[in-house]
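A quick write-up on the structure given underneath.
The values are calculated or read from the model by the stated rules, or taken from the named source; none is laboratory data. Just so it is clear, the structure is predicted and the values come from calculations on it, not from any experiment. Here the Cβ positions follow ideal geometry from the backbone for every residue, glycine too, while neighbour counts run over all protein chains shown.
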Amino acid sequence: MPFLPGCGNARHDPGVTADPPPEVLSPPVAEPDAEEDAYREFLARLGAERFRQEHPEIIEQLDGEEPNGRITALHVIAAGGDVDAIPLIVPLVFEDGDRVVRITAAYALQKMVVDHELNRRDPNHLDRVVILSAGPDDLDLKPMAWLVRRLLDAPDDGNTRAYAATMAGHLGLQQFRPQLRSLLESPHASVARIAAEALKMLDAAPQTQPTQPQVHPPSELDGTRER
C-alpha cells in the first residue's frame, strides 16, 4: 500500500472560552483507524490485478519511466471509468516524482468518482442531478473517505485539494465540512470556488447534486504547468 501523509490538526472555535467535556467536543464520527480499515478493505475488494491483466498496454505506460506516458495512461483510465484501477492510481498521487503526474492522478480519481456516482442518477428529476442511494448490488465509494481526507490535507497546489473537495461533495461526505470551509480561504481562486460548490452539495438533500456535474480537468485549475 502507498504511504499517505497524516491528518492535519483540528482547529478550536475561538469563541469557546472553556473546554467542554471531551465527549461533546464534536458529533460522533468514525474513529480514524476504522476509517482507514474501511478504505483498505475497499481497495482489497477491487479487481486491480484483473485490470492489469486485461490492459497490458496501459499498464506499460503507467509503470513506465516517461512522465508523458504515465499522464496519457491516467487520462485513458479516467475516461474508461473502471474503478478497479483505483489502487493503481493512488500511488502516483503521493509517490510519483513528477508534479504533473501527481496532479493528473488526483484528477483521474476525481473523474472516476464523479462518473461512477452519476451512474445512479435519478431520471425522474430533470431540473437537477439526483443521485440515488447505493443499492445492495452497487459498489459504494464512500470508503474512499480516508483517501479524500489525505488529499484535503495535501499541500495547496491549486489542484489536489480542489479534486478532493469535488469527491467529498459527490460522495456526500459530511464529515469534511470543516476542511471545505477552510478551503474557502485558499489563495487559489479555483480551490475556493470548488470548495464552495462542494459545501452547497452537502447543504442540499443528501443525494441531490447540482444540475451540471463538476469535474475539473487540470487545465482548468491552477499551476499544472510547472514540474
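Output the helices (runs of 4 or more DSSP H) that fall wholly within the range 34-122 and possess 2 or more residues being in contact with a strand residue (DSSP E or B) (Cβ under 9 Å, 6 or more places away or on another chain), or say none.
Helices (runs of 4 or more DSSP H) meeting the threshold: 99-118.
Between residues in the range 59-70 that are without any contact (Cβ under 8 Å) to a residue 40 or more places away in the chain and within 13 Å of ALA105 (Cα to Cα) and residues that are assigned to a helix (DSSP H, G or I) and not hydrophobic (A, V, I, L, M, F, W, C), which pairs lie under 7 Å by C-beta distance while being six or more apart or on different chains?
If the second residue must be assigned to a helix (DSSP H, G or I) and not hydrophobic (A, V, I, L, M, F, W, C), the pairs left are LEU62/ARG70; GLY69/GLN61; ARG70/GLN61.
Which residue pairs have Cβ atoms under 7 Å apart, sit 6 or more places apart or on different chains, and have a first residue in the range 93-119 that is more than 22 Å from PRO143 (Cα to Cα) and a second that is modelled with pLDDT under 95 and not aliphatic (A, V, I, L, M)?
ASP98/ARG227; ARG99/GLU226; ARG99/ARG227; VAL100/THR224; VAL100/ARG227
Tell me which of these GLN110 doesn't satisfy, since it passes every other one: (1) among the polar types (S, T, N, Q); (2) closer than 19 Å to ALA154 by Cα; (3) surrounded by fewer than 16 Cβ atoms within 10 Å (Cβ to Cβ).
That leaves (3) as the condition not met.
What single numbered condition from (1) touching a residue at least 24 places away in the same chain (Cβ under 8 Å); (2) over 17 Å from GLN110 (Cα atoms) fails to hold for ARG181?
Of everything listed in (1) touching a residue at least 24 places away in the same chain (Cβ under 8 Å); (2) over 17 Å from GLN110 (Cα atoms), ARG181 misses just condition (1).
Can you report the number of residues in the range 117-164 which are modelled with pLDDT of 85 or more, surrounded by fewer than 19 Cβ atoms within 10 Å (Cβ to Cβ) and not acidic (Asp, Glu)?
Total meeting the criteria: 3.
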